[in-house]
1. Give just the number: which of (1) modelled with pLDDT of 90 or more; (2) more than 15 Å from the chain's Cα centre (by Cα); (3) charged (D, E, K, R) does D118 not satisfy?
2. L150 is checked against (1) in a loop (DSSP other than H, G, I, E, B); (2) closer than 15 Å to I308 by Cα and fails just one. What number does that condition carry?
3. Just need a number here: residues in the range 80-104 that are out of contact with any helix residue (DSSP H, G or I) (no Cβ under 7 Å at 6 or more places or on another chain) and touching a residue at least 12 places away in the same chain (Cβ under 8 Å).
4. Specify which of the listed residues (I252, I197, I246, I205) is surrounded by fewer than 21 Cβ atoms within 10 Å (Cβ to Cβ), of a type in the set (A, V, I, L, M, F, W, C) and either out of contact with any strand residue (DSSP E or B) (no Cβ under 6 Å at 6 or more places or on another chain) or at negative phi (or both).
5. If you check every pair at least six apart or on different chains, which have Cβ atoms under 9 Å apart with a residue in the range 47-73 that is farther than 22 Å from W89 by Cβ and in the same structural domain as G28 (by TED's automatic domain parsing) first and a residue that is aliphatic (A, V, I, L, M) and surrounded by fewer than 16 Cβ atoms within 10 Å (Cβ to Cβ) second?
6. Kindly list the number of the only condition in (1) out of contact with any Lys or Arg (no Cβ under 7 Å at 6 or more places or on another chain); (2) in a loop (DSSP other than H, G, I, E, B) that fails for S128.
7. Of everything in the range 134-174 that's buried (at least 20 other Cβ atoms within 10 Å of the Cβ) and among the hydroxyl-bearing types (S, T, Y), which residue is farthest from Q122 (Cα to Cα)?
8. Does S187 satisfy the criteria of being within 22 Å of Y138 (Cβ to Cβ) and either surrounded by fewer than 16 Cβ atoms within 10 Å (Cβ to Cβ) or touching a helix residue (DSSP H, G or I) at 6+ places or on another chain (Cβ under 9 Å) (or both)?
Amino acid sequence: MDFAYQIAKSEEKRIMMVQDFNLVADVGGTNTRLALSEGKSLKHETIRRYKNSFTSSFEEIVEQYLSDIPVSQIHSTCIAVAGPVHQGWAELTNIDWKIQNDQLKKLLNTRISFIINDMQAQGYALASLQAKEVQHVYGAKNIDLSKRMLVCGIGTGFNIALVLPTNTRFIVPPSEAGHARLTAGNSIEQKIVDYLINTRGFAEIEEVLSGRGMALINSVLFPKNSRNSEEIIAQATKDPEAKQVIDIFTTIMGSYLGDLTLTTLPEGGIFLIGGVSRAISKFLKEDTFGFGFCDKGRFSDFNKNFGIHLIIDDYAALKGCANYLCHGSGISQDPNVLRQ
């Protein structure tokens with residue numbers, strides 16, 4: 001019998017015997033990730049990812065997970081969702097799911113259960129991310145966990161979270177910034193805004209800064225050459241039209257992040273998360289993204305004081321949920337924790 005397999009089965013038996021594990025979950029618009037945690041630590045061998053399109057509800061995924069990872073008892077749970085949370089229940093923005101805390105408590109047979117916004121979870125995760133899980137992409141390189149920070153997520157949708165450190169824990173209020181109005185800085189951007197207003201009645205940020213955004217820009221500028229965002233990114237280095245779409249996307253991205261920087265003054269750092277953020281990071285150039293980020297009139301030079309970093313840990317939100325269950329208390333003194 002393979003030694004690694006024996007170790008895995010031994011750990012699975014131990015999990016079944018322990019009764020104080022917590023369940024953490026990150027419910028996005030496309031995928032749901034789950035894991036067990038002890039304190040602030042994830043049990044990495046229990047991490048699983050499920051496609052939302054294969055099931056009709058989050059509860060079905062939880063039942064499948066508990067079948068895949070048997071555990072005798074769940075002590076508490078924290079669920080991060082890509083959508084607004086209202087007094088114990090959540091409605092996802094980009095998938096027709098509703099999650100109710102009372103139902104989760106019954107399903108998991110636990111009295112302690114929390115539902116938070118997924119960007120809040122990403123904010124709480126900053127307390128335990130290691131330096132190797134973060135890449136500098138633009139601007140100042142310093143990171144200071146004792147000062148205000150801003151997390152910006154670009155994936156299936158768009159949202160932000162402001163992270164406010166205290167002496168004992170992080171405070172991360174919820175937000176729905178992706179549904180704010182999209183403004184235009186030039187005639188091309190105005191053409192995109194007008195298209196959204198004419199076809200959808202309102203031009204919101206998330207329609208552009210999301211997984212579907214590059215395809216939308218492409219459809220407005222090059223309607224005879226239909227392609228999705230993945231194809232545009234793949235063709236950007238050799239196709240002038242694809243490169244123009246990327247340039248417009250990153251300029252709008254820089255402009256909005258620059259506005260948010262002036263609004264929140266995140267001296268500790270700005271952190272990008274999400275699949276689109278990772279895919280687009282290599283295109284964040286000075287003449288496009290940098291121009292949009294710093295084109296702020298009298299405060300153009302001021303924005304150069306802020307640094308932007310990319311979180312490459314795909315399971316950071318799960319760590320944030322584990323931290324939240326520990327009340328987000330303190331910033332770990334482990335020397336491996338993110339500090340530059």
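The values are calculated or read from the model by the stated rules, or taken from the named source; none is laboratory data. Note that the structure is a prediction, hence the values are computed from the model and not measured. Using ideal geometry, Cβ is built from the backbone for each residue, glycine included, and neighbour counts are taken over all protein chains shown.
1. (2)
2. It is condition (1) that L150 fails.
3. 11
4. On inspection, the qualifying residue turns out to be I197.
5. Final answer for the pair search is P70/M16; V71/M16; V71/V18; S72/M16; S72/M17; S72/V18; Q73/V18.
6. Of everything listed in (1) out of contact with any Lys or Arg (no Cβ under 7 Å at 6 or more places or on another chain); (2) in a loop (DSSP other than H, G, I, E, B), S128 misses just condition (1).
7. Y138
8. No; evaluated as a whole, the condition is false for this residue.
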